[in-house]
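A short worksheet on the structure shown next.
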Amino acid sequence: MLRLGRRSFEDHETIVMAIVNRTRDSFYDKGATYAEDAALERVRQVVAEGAGMVDVGGVKAGPGEAVDADEELRRTAGFVARVREEFPDLVVSVDTWRAEVGREVCRAGADVLNDAWGGHDPALIEVAAEFGAAYVCTHTNGATPRQPPHRVSYADVVRAAIDDTVALAERAVAAGVARESLLIDPAHDFEKTTWHSLEITRRLDEMVATGWPVLVSLSNKDFVGESLDLPTDQRLTGTLAATAVSAWHGARVFRAHQIAETRQVLDMVGVIRGDRPPASTTRALA
Amino acid sequence: MSVVAAAVCPMTPLLFRHLSGLADPLAELREAAVAAVRDATAGADEVVVLAPIGGREAPGDWRDPSHSGPVHGEPLSLGEQVGRHLLGLADCTLPVTCVEVPGLVAAPQGVKVALLVLGDGAAARRNGAPGYIDERSFPYDDHLAALLGDGDGTGLTQLDEKLGAELLATGRLSFPVLGSLMPQADAELRWRGDPLGLTYFVALWRARSR
C-alpha cells in the first residue's frame, strides 16, 4: 500500500504525476503555465486525462533565472491552495529542495514533497514528518541544486542510486515520515550521462527489488533526446518507450508532461503484466 | 631532464570514440590532438603525461559510463586515461610516466622528454555548458590561447588559479607546470574551439634552441 496524503494506492497501481511548472524557463514547457490561471487550467486538463497527482514546480531544474525562496513561495504556495480547493481528492506534490518552501506548501495543502535534489536541505525531511506528507528520495549524488553534470562517473550507477535513495528513505522513517509514504527516484539525467540513465532504465528492476516504490521522471529528457538525436519537442515516443520499460520493471509513479499517452502506455503494460484485466475482451470468445 | 617538446591536448572523455554513440562530434579535434602527440614524441626518449586532478572537472577516479569501450586502467584519473589513449592512437611506444598535477615532475638527467599536457579552457561559455554562462570565460580563454600560441610558459605560471577553478578550466592545474618546465618555446596553437560550451586547445611546443 502506497499512501500519498489523502489517497492510498494498491500495490500494482501505477500513477501518472503530471508536471505543472510555475516557471518561466523550464526546458520543455518554456513558461506555458507560468501564469497562475494557465497552471490551473493545466491541472483541470491533466486530471481529465487521468493524472493521479500533480507536481507543482516553481524553479527550473537546470541553471537559469535565479529564484529565491520568497519567489518560489510566491509561485507555489497560493497556487497549491487553489488546486486543493478545486480538487479536494487530488494528490498534490511540490517539487522543491527548500525546507522553508516545503513548510508553507504543506500548510497550503500539499500531500507530497518531491525533493528533487536528494536531501540537499536535510530539514525538508523534518517538514514532511511534521505535516504527515509523503516524501520523494532522489539520487543526485550530492550535486548542488541546479548544477549541470560534468564528467561524472560511478563504479556502479544503479548501486549508487539504490544506496543513496534507500539511505534517504531510512533517514526519513527515522525522522517520522510514514514508511508507506516514501518513494525512491533514481533521477534520470540528474548528475548522470545518457549512458548512466540508460543503465538505470535497463536495470530498474534492481531498484524495484528494494521494496520501496519507485518514481521515475523520464519525460522528454536529454537521455531520450541523445538516444534518438531528437530535440525536446520530438521526444514523446522515446519517452513512452522508456515509460513502458520502467513500468514493466515495476516502477509505480511516472512524472510526465503528456498525460493521456502516458496513462495509456501504463494501462497497456499493466494488462500485459497481468496487473489489470483488459478493458473488454470478446475476440474469439463468442 | 631535458624537455624537447610538449603536446597540449584536451581531456574530454569524448576523445574516446565510443562514448559519443553513432556520432563523432570531436573527430577533428581528436585528429589534431593525435597529430600533436605524434609530433611531440618524435625524437624523444620518454613521455611524461601531466594529468590534472581537482574538482569535478578533473576527476581522479573516472570510469567509463558505457562499459562498452576499451579499458584504460580505470579508475585512474580522467587525465591519465585520456593521455594514455591519445598516446595509443599516436602509436607511441616510448616509456610513459604519468604525473598528477599540480605536483612535482622529475626524470633522469640526459633523457629527452616529451610532455603530454592534458588541460582545457573555461567550461562556462553558453547555456548547456557544464558551468552554464560566465562572461569571464571569454577573456580567460583568449588569454590562454595567446599564451599557448606564443609559447609563453612564464605567462602560464602566472594564471589566476582561483578564476580558473571558478570557470572549471582544467588547464589551470597543468598549464603552469608546463610553463615552469618550458618558460619559452616555439609554439603552434593548432586547434581551438568550444563546440560543447567548453574550450578545447591543441598546441605543439618545441624547446627553443639556445
- Qualifying residue in the range A:89-99 (condition: polar (S, T, N, Q), within 20 Å of A:Ala143 (Cα to Cα) and open to solvent by less than 50 Å² (accessible area, probe 1.4 Å)): yes
- Query: When only residues in the range A:227-264 that are among the polar types (S, T, N, Q) and open to solvent by 20 Å² or more (accessible area, probe 1.4 Å) count, which is nearest to A:Gln45 (Cα to Cα)?
  - Reply: A:Gln258
- Item | Any hit, the range A:40-48, residues being of a type outside the set (Val, Ile, Thr) and within 29 Å of B:Gly131 (Cβ to Cβ) | no
- Message: With the requirement that a residue be within 14 Å of chain B (Cβ to nearest Cβ) and surrounded by 20 or more Cβ atoms within 10 Å (Cβ to Cβ), what does the range A:159-169 give you?
- Response: A:Ala161
- Does B:Asp61 count as among the acidic types (Asp, Glu), touching a Pro at 6+ places or on another chain (Cβ under 6 Å) and either part of a loop (DSSP other than H, G, I, E, B) or touching a residue at least 24 places away in the same chain (Cβ under 8 Å) (or both)? yes
- Task: Evaluate the following for A:Ile184: is it open to solvent by less than 20 Å² (accessible area, probe 1.4 Å) and in a helix (DSSP H, G or I)?
- Result: no
- Message: If I ask for residues that are touching a Leu at 6+ places or on another chain (Cβ under 7 Å) and not in a helix (DSSP H, G or I), which ones from the range B:35-44 would you list?
- Response: B:Ala44
- Message: Go through (1) open to solvent by less than 40 Å² (accessible area, probe 1.4 Å); (2) within 13 Å of chain A (Cβ to nearest Cβ); (3) hydroxyl-bearing (Ser, Thr, Tyr) for B:Ser68 and report which single condition fails.
- Response: (1)
- Residues of the range B:1-33 being in contact with a helix residue (DSSP H, G or I) (Cβ under 9 Å, 6 or more places away or on another chain), free of Cβ contacts under 8 Å to residues at least 24 places away in the same chain and of a type in the set (Gly, Ala, Ser), which ones? B:Ser20, B:Gly21, B:Ala27
- Query: Just one of B:Val113, B:Val99, B:Val105 is more than 13 Å from chain A (Cβ to nearest Cβ), out of contact with any Pro (no Cβ under 9 Å at 6 or more places or on another chain), among the aliphatic types (A, V, I, L, M) and part of a loop (DSSP other than H, G, I, E, B); which is it?
  - Reply: B:Val105
- Message: Just the residues that are open to solvent by 60 Å² or more (accessible area, probe 1.4 Å) and not in a loop (DSSP other than H, G, I, E, B), please, taken from the range A:195-226.
- Response: A:Trp195, A:Arg202, A:Asp205, A:Glu206, A:Asp222, A:Glu226
- Message: Of everything in the range A:40-75, what is open to solvent by 50 Å² or more (accessible area, probe 1.4 Å) and under 30 Å from B:Arg125 (Cα atoms)? Give them in sequence order.
- Response: A:Glu65, A:Ala66, A:Asp68, A:Asp70
- Considering only residues of the range B:132-141 that are of a type in the set (Asp, Glu) and surrounded by 13 or more Cβ atoms within 10 Å (Cβ to Cβ), which is farthest from the other protein chains (Cβ to nearest Cβ)? B:Asp141
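The values are calculated or read from the model by the stated rules, or taken from the named source; none is laboratory data. Note that the structure is a prediction, hence the values are computed from the model and not measured. Positions of Cβ are generated from backbone atoms using ideal geometry, with glycine treated the same way; all protein chains shown enter the neighbour counts. Accessible surface areas use protein heavy atoms only, side chains included; no ligands, DNA or RNA. Shrake-Rupley method; radii C 1.70, N 1.55, O 1.52, S 1.80 Å.
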